[in-house]
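**Student:** Take this structure first; my questions come after.
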Amino acid sequence: MSATTAKCIVITGASSGLGTALASAYAQQYGAQCQLMLIGRQPAALDALASRLAQDTQAQVATFVVDVRDAMAMQTMAEKVMARYGTPHLVIANAGVSRGTLTEHAEDIAAFQAVMDTNVMGLVHTFQPFLAAMKTAAQQGSPAQLVGIASVAGIRGLPGSGAYSASKAAAITYLESLRVEMQPHHISVTTIAPGYVRTPMTAVNTYPMPFIIDADDFAQRAVRAIANRRRYTVIPWPMAIVSRLMRLLPACVWDALTKNAPHKSRQAPTK
């Protein structure tokens, strides 16, 4: 792969957690022939990651401090990326936040809004500015792929996590719609639903997290799934089995199993 055909990858939520791990995995895989566009809200963390990746892997790394909730800012970022690096081959909408919420508390309404705006509208704001250019590139034979990071939490509603579960359920359904819409344009869409992964988001959880894996392990598995253009995948695979069972359980059984489940803390949203 020459410098002119370097793989251009956009990753949101790259400041920490899964985004950082995905950026590292791609930098290690492609090295100097990787153009990484890293988007996040923590400039110091982004700059430190970019410096480390450039030094360790010779990847070309650019950083953009943008909130995915801001559609205009995301549009401006996309224009800058394409003006300098061309049309991306891969756009990964990874940015997400989590917080315990309870509908009975009026003060949680703002948290519901923040979670939905980031986890659902953030996907739209990430993909939309690139689509016209990616359609043209795909028609000319260039690889084009969109990836959305959802969650197993979107498969069934979890008590105390109404906002997060609802946002990830919406993400899964939105990405399914987008996948079918993009098929005539030869743009692949991959939905990845992580189970429990060791990140700042899960570090605040005080309850058992079955089949939990490290972020770097998740990233390696995700990179393989993306390369294989999987339509939908759950990582790790034991959670895929659990998720299938979750889908099959009658509502009365699900209610009985989860009525005493521990709740995520109602604190500031975590990435």
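**Student:** Could you grab the pairs with beta carbons closer than 9 Å, sequence gap of 6+ or different chains, first residue in the stretch 13-38 and touching a residue at least 40 places away in the same chain (Cβ under 8 Å) and more than 14 Å from residue 62 (Cα to Cα), second one aromatic (Phe, Trp, Tyr) and part of a helix (DSSP H, G or I)?
**Tutor:** Matching pairs, first to second residue: 18/218; 21/218; 22/218.
**Student:** How about the stretch 1-88: which strands (runs of 3 or more DSSP E) wholly inside it have at least 1 residues that are small (Gly, Ala, Ser)? Working first, answer last.
**Tutor:** Working: elements: 7-12, 34-40, 60-65.
Hits in the stretch 1-88: 34-40, 60-65.
**Student:** Can you name every residue in the stretch 162-191 that is of a type outside the set (Gly, Ala, Ser), within 21 Å of residue 264 (Cβ to Cβ) and in contact with a Lys or Arg (Cβ under 9 Å, 6 or more places away or on another chain)? Talk me through it step by step, then tell me what you get.
**Tutor:** First pass over the stretch 162-191, keeping only residues of a type outside the set (Gly, Ala, Ser): 164, 168, 172-176, 178-187, 189-191.
From the residues that got through so far, the ones that are within 21 Å of residue 264 (Cβ to Cβ) too are 164, 168, 172.
Matches in the stretch 162-191: 164 only.
**Student:** Right, here's the next one. For the stretch 76-98, indicate whether the set of residues that are among the aliphatic types (A, V, I, L, M) and either under 22 Å from residue 204 (Cα atoms) or touching an Asp or Glu at 6+ places or on another chain (Cβ under 8 Å) (or both) is non-empty.
**Tutor:** Within the stretch 76-98, one or more residues are among the aliphatic types (A, V, I, L, M) and either under 22 Å from residue 204 (Cα atoms) or touching an Asp or Glu at 6+ places or on another chain (Cβ under 8 Å) (or both).
**Student:** Write out, first by first residue and then by second, each pair whose Cβ atoms fall under 6 Å of each other, whose residues are 6+ apart or on separate chains, and whose first residue, in the stretch 203-231, is more than 10 Å from residue 25 (Cβ to Cβ) while the second is in a loop (DSSP other than H, G, I, E, B).
**Tutor:** Partner pairs satisfying both residue conditions: 204/265; 207/262; 209/196; 211/195; 211/236; 212/196; 213/236.
**Student:** Testing residue 50 on (1) buried (at least 19 other Cβ atoms within 10 Å of the Cβ); (2) free of Cβ contacts under 8 Å to residues at least 24 places away in the same chain; (3) out of contact with any strand residue (DSSP E or B) (no Cβ under 9 Å at 6 or more places or on another chain), one condition comes back false. Which one is that?
**Tutor:** Here residue 50 clears every test but (3).
The numbers here are math on the coordinates, done by the rules we state, and not lab data. Predicted model, so just to flag it, every value in this text is computed and none were measured. All Cβ positions, even for glycine, are placed from backbone atoms using ideal geometry, and neighbour counts span all protein chains on display.
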